[in-house]
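Presented below is the structure to which this report refers.
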Amino acid sequence: PKYVYDFTEGNKDLKDLLGGKGANLAEMTNLGLPVPPGFTITAEACRRYLEDGGVPEGLSDEVETHLVALEKGMGKRLGAADDPLLVSVRSGAKYSMPGMMETVLNIGLNDESVQGLAKQAGEERFAWDSYRRLIQMFGKTVLGIDGELFEGAIDDAKRHKGVDSDLDLDAADFQRLVETYKGIVREQTGSDFPSDPREQMRLAVEAVFESWNAPRAIIYRRQERIPTDLGTAVNIVAMVFGNLGMESGTGVAFTRDPGSGQQGVYGDYLQNAQGEDVVAGIRNTVPLQELEQIDPASYRQLLDIMKTLENHYRDLCDIEFTIERGKLWMLQTRVGKRTAAAAFRIAVQLVDQGLIDLDEAVSRVTGDQLAQLMFPRFDLSADRRRIAKGMNASPGAAVGKAVFSSEYAKEMAGRGEDVILVRRETTPDDLVGMIAAQGVLTSRGGKTSHAAVVARGMGKTCVCGAEELEVDAQERCFTAPDGVVVNEGDVISIDGTTGEVYLGEVPVMASPVVEYFEGTGDRGDELVEAVHRIMNHADERRRMEVRANADNPDDAARARRFGARGIGLCRTEHMFLGDRRRLVEDLILASSKDERRAALDALEPLQKSDFAGILAAMDGLPVTIRLIDPPLHEFLPDLTALSVKIALAGDTASSRDRGLLEAVKRLHEQNPMLGLRGVRLGLVIPGLFAMQVRAIAEAVAERRAAGGDPRAEIMIPLVSAVQELEGVRDEAERILAEVGVEALIGTMIEVPRAALTAGQIAEAADFFSFGTNDLTQMTWGFSRDDVEAAFFSRYLDLGIFGVSPFETLDRSGVGRLMTIAVEEGRATRPGIKLGICGEHGGDPESVHFCHEIGLDYVSCSPFRVPVARLEAGRAAL
Ligand code: ADP
Ligand code: MG
Ligand code: MG
């Protein structure tokens, strides 16, 4: 295969092969934008390298050919003593993984070529600065030396000289630093820093390949659900220099505000600096607007290019650029990450600008983003003490105890504590802490800093660059103006939407998007308007209906306001708890037919009023009521507690308690999940299901008499054989006829055998509803309540699954059973209604799967209803 592509050969659609960075560098090259020349080694070469543990055959020759062509084009040779060509070796996978993988700049420098570089540029300081950067990056990335050692040496040099800024170090200082760095390399690796330019390049390429499997990259991929086997492409790019004096510099920019979606000039610029300096926060950057004064010509050209890119990509782009003595170079672009709010706003703005249509707009936002917009925010009418303001890097309202290290953040979160990770700035090693924390607060770095970019990607609240704060990670505290000191464990609140930092806990309130769904919101808000237009279009597009899982009138009413078209799962078991527990105990303790009858008669009116309320809230829409599912012992007291109570009471123990204890022992099951529950209860306890069906029938009759339009559907849980269903169905039909009402009678499909015999079961079922929580447990054979803590993280590490199958439907196993049931159920009964009521009904990817296999509806918790509507619309595009 061809492993190497020149920038002139690629394009933006080749991300699988060239990675995002390489594909977009090629695209910009072909758009005629000023990109330094270079070439890309494919991700396939990386995969081969990682699989075979060595450079694939033919790669070295191909790289050499392209390097020679690059040298010809530039009229310089890599690392030549008199006038060296320098290159960067840059990682770049299909999906952006900010800061996770490696890049080495200034490849080609050594003791000779540094002189040539100085002479050609007429700048000694620049040449030595570039050389020490090479040893530093190469040492850290390729040779695996602790970066702190190099940082420490710079700090020493500054201290020695009594200066704060790297700008105050001169050529001689950097030259000395190069010697120190070489010493560090020798000491740490036992060998000299490799001076041969081609050798440097080869080693750097291999290091980039290997960085694909660095621990932090693995964690990041898991978090972002990026497949583990893609590998990274490697870009070799001719160096351009932002560190060539004050007429040079480097910056990052967005074509729109990634926080709000507003059009304008957003970015950071740093004079006399190279590459990572901007994001690493070594000095404070200036806002991009100031480039207009510093270098008006480059500024205008940059704005032009940004416009070209937006029109070309028809989306928000982010870019990296460098100015070398007044000449602008583009070093990277991509369709930029953005906050959820910006995603909705930008999609609609682009529709209004005529760049995309509404279908495209719907495809560009996700259910996860919508879910984020439904998060609560701070109640600004509450009393609160603001102690600082930083940048609003990633929206949301987070409250938690301040912690100053990622390890501790993880530990505290493991104990169930809410924490805010506070750092001067974050590095890729802070990923674990960021995942564990409710929010992230940094005192340095702009909207493009590591903390900001990563937090936005994760949808985590982040305030960055709160410069008034003195963060002391050693002492585990920070100091705010007015002498406020926050120690580890003190509660703070951070507002990622405004950038404010508060002492103590600030109360939170509903989001405007939720208020809009509730019908109480203000449509004048631009974000709300954008959500409104996108949701309307998604509703027009979707084929599936969305219902809600709700078992009380309030939830039913809210679900309806959120757009649910019925209830897909109304559980009845909670209706046996609380005060009514005693009645259930009576039922279980009943020793005669009459006692049982009496217990059921006492429960029936209560059930009836439960159902009447829900049917009223969902008037005119289907309400699927599931008959009682869990094993009866769940309604009885705990064995140990009861035994102790009786032992303590001795002779005075009540006969009721003694009876209960006996019942608890009698009903005890080793494996309750696979025991006497669902339809089995209905068949074994005479009158139980009949009571529930009668309560439903009478609620329907009552609603109808009151002029309502009740549409009850009776659902039988845990059926595995049609015979089970037939028995229950006959009885239910008889009761419905007695009361003189109608209702559909159907079943859950949640036992593998039910899915496999769905053709038979459909004879007795008007509808199927996939109970994918149980179906997943039973298909995999593991108990949801136990295994997640026990071994799921190990399974995720081992890649046995990428996501918990309880979170996202396991297409190939559980999904296969569903597909069989859909086909065979429809074959028997063409009009059969098919839906899902497991937790997966609100999970975006699972919603897409349900669409694909042809379900009629998904049902999820009321709060997820808008998410499911949106995803059902996206699935239908
Ligand atoms: P990342 O993916 O972490 O952003 P990059 O490969 O983009 O890493 O490179 C890191 C930094 O070095 C970026 O700021 C980039 O613009 C800069 N850089 C990369 N290649 C060159 C080059 N050839 N000339 C000048 N700067 C470069
Ligand atoms: Mg970059
Ligand atoms: Mg179930």
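Laboratory data are not the source of any read-out in this text; all were calculated from the coordinates shown. Bear in mind that the values here come from a model prediction, so they are computed numbers and not experimental data. Cβ: placed from backbone, ideal geometry, glycine included. Neighbour counts: every protein chain shown.
Observations
- Lysines whose Cα lies under 16 Å from that of K12, excluding same-chain neighbours fewer than 8 positions away: K21, K94
- Hz values of 3J(HN,Hα) by residue in segment 305-315 - Karplus curve (6.51, -1.76, 1.60), Gly and Pro given as x: 5, 4, 5, 4, 5, 4, 5, 6, 7, 6, 6
- Where GluC sites (Glu not before Pro) fall in DSSP loop in segment 725-755, at most 13 other Cβ within 10 Å: E742
- Between F801 and R784, the contour length at 0.36 nm per residue exceeds the Cα-Cα span by 4.6 nm.
- Look at where the Cα atoms of segment 654-691 and of segment 402-421 average out, and the two centres are 43 Å apart.
- Under 15 Å from the Cα of K401 - aspartates and glutamates, other chains or at least 8 residues apart: E411, E417, D418, E488, D490, D495, E505
- T520-D196 FRET efficiency (beta carbon distance; Förster radius 60 Å; 0.05 resolution): 0.30
- Between the beta carbons of A827 and E738, assuming R0 = 35 Å, the FRET efficiency works out to 0.60 to the nearest 0.05.
- Pair L877, R314: separation of 7 Å Cα→Cβ label points (nm): 1.0 nm
- Cβ-derived FRET efficiency at R0 35 Å, M246 paired with H160, nearest 0.05: 0.90
- Here the chain is assigned +1 on the Cβ of each Lys and Arg and -1 on the Cβ of each Asp and Glu. Its dipole about the Cα centre then comes out at about 1380 debye.
- In terms of distances greater than 23 angstrom between alpha carbons, the cross-link table entries K140/K460; K158/K182; K119/K161; K307/K389; K72/K119; K72/K327 yield K140/K460; K119/K161; K307/K389.
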